[in-house]
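Reading through the structure tokens given below for one structure.
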Amino acid sequence: MSRFTHAAATMHTLSLAAMEEASRFGVRDADIDHLLLALTIDPDTGGQILRGMGAGLDTARAAVAAQHAAQLELVGIASDPDGLGRIVFHETSGYEWTERALTVLKEASSGDRRGDSAAVLRTLIDEPSGLIEEILRRIDVDPGVLSARLDDVQRLRLAPQQARDTHTLSGTRSLFAPASRDDVWALLSSASRIPEWDPAVGTIDADDTTGPWEAESRTQAPDGRPVRVKDEFRRQRVELMECERPSLIR
């Protein structure tokens, strides 16, 4: 994957997750704290290092909420850090990055930085407002130690990419799920729950537990907007190819 492609993929993944987190706060501007929350569930190096140092999604969410409450107290406003709502990003619209969040994302792709999640996290720590450092310290993560680990990653040489078959149309995506293995298995192993995680599937007739199953492509987004689907792609066939509980389902 080229540097540009990797940076674009990282921007897309982090944008979705950060704006989901912003929607929990009832705001439309995704800021650097929402970007940090998005990094905690990132499957790439930045997310792996954060989680390895104890900065998981739930812990980081609590720290961000506590930081917001502390800032409001400084101006005499009391708030409830436990009173946040659910994610409504996919049911609403009008979300944008703040200027300082955009600056972080741009700087993460400048110079010798590749724009991957490790570069975004390293740039986020250096952001001059000090907000990220305050949040990290609430999680008992030393920003200096975190920076050193990220710098070590930056110095590693990337493994060469394997050649791909240019005649095959296919794709893969990695995703970290902040849930237990049993919960993830229950989600992925049930054909009836495919519409919960595959945005291309609207409904599926999964009364038969062995399959194959007939599915209908999604024609409406969660926020009600229509999704254009060519007639030849409106129906899908789903088959269970391989199942090794609790580690592999295909």
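The values are calculated or read from the model by the stated rules, or taken from the named source; none is laboratory data. Predicted, not measured: the structure shown is a model, and the values here were computed from it. Here Cβ is always computed from backbone atoms with ideal geometry, including for glycine, and neighbour counts include all displayed protein chains. Calculation scope for accessible area: heavy atoms of the full protein, side chains included, ligands and nucleic acids excluded. Shrake-Rupley method; radii C 1.70, N 1.55, O 1.52, S 1.80 Å.
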Point to revise | Accessible area per residue in Å² at 1.4 Å probe, computed on the chain | key: 62 Å²
Exercise for review: Convert 4 °C to kelvin, take the viscosity as 1.567 mPa s, use the Kirkwood radius over C-alpha pairs of segment 177-232 as Rh, and evaluate the Stokes-Einstein diffusion coefficient in µm²/s, rounded to a whole number.
Suggested key: 102 µm²/s
Point to revise | Solvent-accessible area, 1.4 Å probe, carbon plus sulfur percent, for the chain | key: 50 percent
Exercise for review: Work out which helices of the chain, taken as complete DSSP H runs, extend at least 20 Å along their axis over the Cα atoms and score a mean Kyte-Doolittle of -1.0 or more, then list them.
Suggested key: 3-24, 57-73
Exercise for review: Take segment 41-97, drop everything but the C-alpha atoms, weight them equally and run the Debye formula without solvent; then report log10 I(q)/I(0) at 0.20, 0.31 Å⁻¹ to two decimals.
Suggested key: -0.96, -1.07
Review point. Whose amide H sits under 5 Å from the amide H of Ala30, counting only residues 5 or more places off or on another chain, with H placed in the peptide plane?
Key: Glu96, Trp97, Thr98
Study note, to complete from the structure: Any GluC sites (Glu not before Pro) in segment 206-250 that lie in a DSSP loop and have at most 12 other Cβ atoms within 10 Å would be Glu239, Glu242
Revision key, fill the gap. Residue span Arg137 to Thr92: 0.36 nm per residue of separation minus Cα-Cα distance leaves a gain in nm of 12.9 nm
Review point. For Gln220 and Thr5, what does the FRET efficiency come to when R0 = 35 Å and r is the distance between their Cβ atoms, rounded to the nearest 0.05?
Key: 0.70
Review point. Candidates [x] 1.03; [y] 1.18; [z] 1.13; which is the computed Cα Rg over 2.2 N^0.38 Å?
Key: [z]
